[in-house]
1. Return the residues of segment 76-100 that are buried (at least 20 other Cβ atoms within 10 Å of the Cβ) and of a type in the set (Phe, Trp, Tyr); say none if nothing qualifies.
2. If I filter segment 73-106 down to residues being polar (S, T, N, Q) and not in a strand (DSSP E or B), which single residue comes out as nearest to residue 47 (Cα to Cα)?
3. Can you go through 47, 30, 23 and tell me which one is among the β-branched types (Val, Ile, Thr), in a helix (DSSP H, G or I), surrounded by 16 or more Cβ atoms within 10 Å (Cβ to Cβ) and not assigned by TED's automatic domain parsing to the domain that holds residue 126?
4. Take the residues in segment 50-63 that are over 23 Å from residue 111 (Cα atoms) and of a type outside the set (Ser, Thr, Tyr), then tell me which one is surrounded by the most Cβ atoms within 10 Å (Cβ to Cβ).
5. Assuming residue 39 fulfils every condition listed in (1) in contact (Cβ under 8 Å) with a residue 60 or more places away in the chain; (2) assigned to a loop (DSSP other than H, G, I, E, B) apart from one, which condition is it?
6. Against the definition (surrounded by 21 or more Cβ atoms within 10 Å (Cβ to Cβ) and touching a Phe, Trp or Tyr at 6+ places or on another chain (Cβ under 6 Å)), how does residue 106 come out, yes or no?
Amino acid sequence: MNIELNGDTVEIFSPPLTSLLTVLREELDVTSPKVGCEAGGCGACTVLVDGTPRRTCLTPVAAVDGAAVTTVEGLGTADNLSTVQQSFIHHHAAQCGFCTPGMVVSAGAYLDAGGTDDRKAIQEALRGHVCRCTGYYKIIEAVAAAATQSRFDTTTTAEDASTVVLSGGSS
C-alpha cells in the first residue's frame, strides 16, 4: 500500500486493518495526530484525506491506499505557515496543544471549501473536536480571522511568535 503523505509518496508495510493513526505515529513517525479517545469522538487524530477531515483512529490504512494524506505539517513550514496556522498563533488559539493539529487541519479544510467568518458555521465545521482546555473562543476567533485575513499580520512566523512568547517582547 502507498499514500501520499504531505506531498511525498510513502509505502506502508502495516497490515491493511491497522488504523491510519497507528501507521502515521508508529510506522511513519508523524506524531501530530494525537491518540485521544480512539473512538472518533475527540478529533485529536484528525488529518485530511484527499482534502476531507478524517478521524485516523477509525480509518483502516487500507481505506486510504493511494490517497493524499495531509497532517498539520503538510499545511505549511516554520518559514511559510498557512493562513490558519498564522492565525492560531496570532490569536493564541493553542493552549496545551493536544487538540491543535486536528483543529488546524479541519479549520483549513473549512476555509478551503469557502468557509466564512460566520461563528456558527465555524462551530459546525469544528464540531466533534474536543479542547480539554476549553479554549474554543480563541479557536473560533482564529478561524474567523483566517477567513477574512484582516485581523492579524500574515507575516508572523512560528519563530517570531516563539521569540515574543519566550522573551516577553521583541528584541
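The values are calculated or read from the model by the stated rules, or taken from the named source; none is laboratory data. On a predicted model such as this, the values are computed, not experimentally measured, just so you know. Here Cβ is always computed from backbone atoms with ideal geometry, including for glycine, and neighbour counts include all displayed protein chains.
1. 88
2. Looking at the filtered set, the residue picked out is 106.
3. The match here is 23.
4. Per the criteria, the residue is 61.
5. (1)
6. Criteria not met by residue 106.
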